[in-house]
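Colleague: Below is one structure. I have some questions about it.
The values are calculated or read from the model by the stated rules, or taken from the named source; none is laboratory data. Note that this is a predicted model, so its numbers are computed, not measured. Reconstructed Cβ throughout: ideal geometry from the backbone, glycine too, with neighbour counts over all protein chains shown. Note: accessible area is taken over every heavy atom of the protein model, side chains too, but ligands, DNA and RNA are not part of it. Shrake-Rupley method; radii C 1.70, N 1.55, O 1.52, S 1.80 Å.
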Amino acid sequence: MGIWRRVFGSGAPGGFTGELARDEHVLASAATGDGFLVATTLGLWLPGPRRLGWHLVSKASWSGNALSVIEAEEDGVAGEAVLLRDLPAVRYPLATPGKVPEVVHARVTGSIRSRHRHEDPGAWFLQRKVSGRDGVVLQVRPDPDADVARVREIAAETAAKLASLREDS
């Protein structure tokens, strides 16, 4: 642990049991009924605690007094592309949200470098920055009724083209 954290603390709320990475900094936090939501430079810590990288938050929305989070799960690869599958939304009631909704929105949208909708076969293609790593990753989220084999084929071709463009520049 660095001297800064030993003197001033990590910025995490008292009672937070997660272990922040050496270069991870707390940006905002709020208590939930069963723990804390802690937004950091590397991701969103969920009650448990478990850190969800910003690049794996498909959607987060604030409504009433709760933050709803849709987590993406990696569901295979196609060349250098990562296929995603959305998990069901989880709702986190926050009596005192502080800056959590704003920070989550900024970090999720800030991780997206580009997005493109491919109608045939039906999938979203996103290039996202992964906190703590160089470069971007191509993520592909097929629609529920999409032909996954066709999505994989197009994703692999797209990833190869993007890699070629990076090599040429």
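Colleague: Quick one: net charge of ARG51's neighbours, Cβ under 11 Å, K/R +1, D/E -1?
Modeller: Once all neighbours under 11 Å are counted, the net charge is -1.
Colleague: At a threshold of 8 angstrom on Cα-Cα distance, excluding pairs fewer than six apart, so keeping six or more, what relative contact order does the stretch 113-169 reach in percent?
Modeller: Once normalised by length, the contact order is 26 percent.
Colleague: Do the sum for the chain: with -39,500 (n - 2.57) for every DSSP H run of n ≥ 4, divided by all residues, what is the mean residue ellipticity at 222 nm, to the nearest 500 deg cm²/dmol?
Modeller: Mean residue ellipticity at 222 nm (helix-derived): -7500 deg cm²/dmol.
Colleague: When only C-alpha pairs under 8 Å and at least 6 residues apart count, what is the relative contact order of the chain, in percent?
Modeller: 18 percent
Colleague: Amide H neighbours of VAL77 under 5 Å, counting only residues 5+ apart in sequence or on other chains, H built in-plane at 1.01 Å?
Modeller: LEU83
Colleague: I've got another one for you. Are there GluC sites (Glu not before Pro) in the stretch 103-169 that DSSP marks as loop and that have at most 11 other Cβ atoms within 10 Å, and which are they?
Modeller: When the GluC sites (Glu not before Pro) of the stretch 103-169 are filtered for loop state and at most 11 Cβ neighbours within 10 Å, GLU119 remain.
Colleague: About the Cα centre of the chain, what is the dipole size in debye to 20, counting +1 per Lys and Arg Cβ and -1 per Asp and Glu Cβ, all else neutral?
Modeller: Around 700 debye, computed over the chain.
Colleague: To the nearest 0.05, what FRET efficiency results for ALA66 and HIS25 with a Förster distance of 30 Å applied to their C-beta separation?
Modeller: The computed FRET efficiency comes out at 0.75.
Colleague: Can I ask one more? Take the Cα of GLU102, step 7 Å along the line toward its Cβ, and report every residue of the stretch 17-56 whose backbone nitrogen sits under 12 Å from that point.
Modeller: Answer for the stretch 17-56: 28.
Colleague: Starting at the first residue of the stretch 42-57, write each ³J(HN,Hα) from the Karplus equation 6.51 cos²θ - 1.76 cosθ + 1.60 with θ = phi - 60°, in whole Hz, x for Gly and Pro.
Modeller: Coupling constants for the stretch 42-57: 9, x, 10, 7, 9, x, x, x, 8, 8, 10, x, 4, 6, 10, 9 Hz.
Colleague: Taking θ = phi - 60°, what integer Hz values does the Karplus form 6.51 cos²θ - 1.76 cosθ + 1.60 yield along the stretch 123-132, in sequence order, with x for Gly and Pro?
Modeller: These are the phi-based 3J(HN,Hα) values: 6, 9, 10, 10, 9, 10, 7, 9, 4, x Hz.
Colleague: With every protein chain kept in the model, how would you rank ARG85, ARG141, ARG107, ARG22 by accessible area, 1.4 Å probe, largest at the top?
Modeller: ARG22, ARG85, ARG107, ARG141
Colleague: Could you check the simple spin-label distance between ALA160 and GLU119, using points 7 Å along Cα→Cβ, in nm with one decimal?
Modeller: Between ALA160 and GLU119, the label points sit 2.6 nm apart.
Colleague: Show the residues, 5+ positions off or on another chain, whose built amide H is closer than 5 Å to the amide H of ARG113.
Modeller: The answer is GLN127, ARG128, LYS129.
Colleague: Lys/Arg Cβ at +1, Asp/Glu Cβ at -1, dipole of the chain taken about the Cα centre: which of GLY43, ALA155, GLY11 is farthest positive-ward?
Modeller: Working it through, the farthest residue towards the positive pole turns out to be GLY11.
Colleague: Using a simple charge model, +1 on the beta-carbon of Lys and Arg, -1 on the beta-carbon of Asp and Glu, nothing else, what dipole does the stretch 14-65 show about its Cα centre, in debye to the nearest 20?
Modeller: Computed charge dipole of the stretch 14-65: roughly 140 debye.
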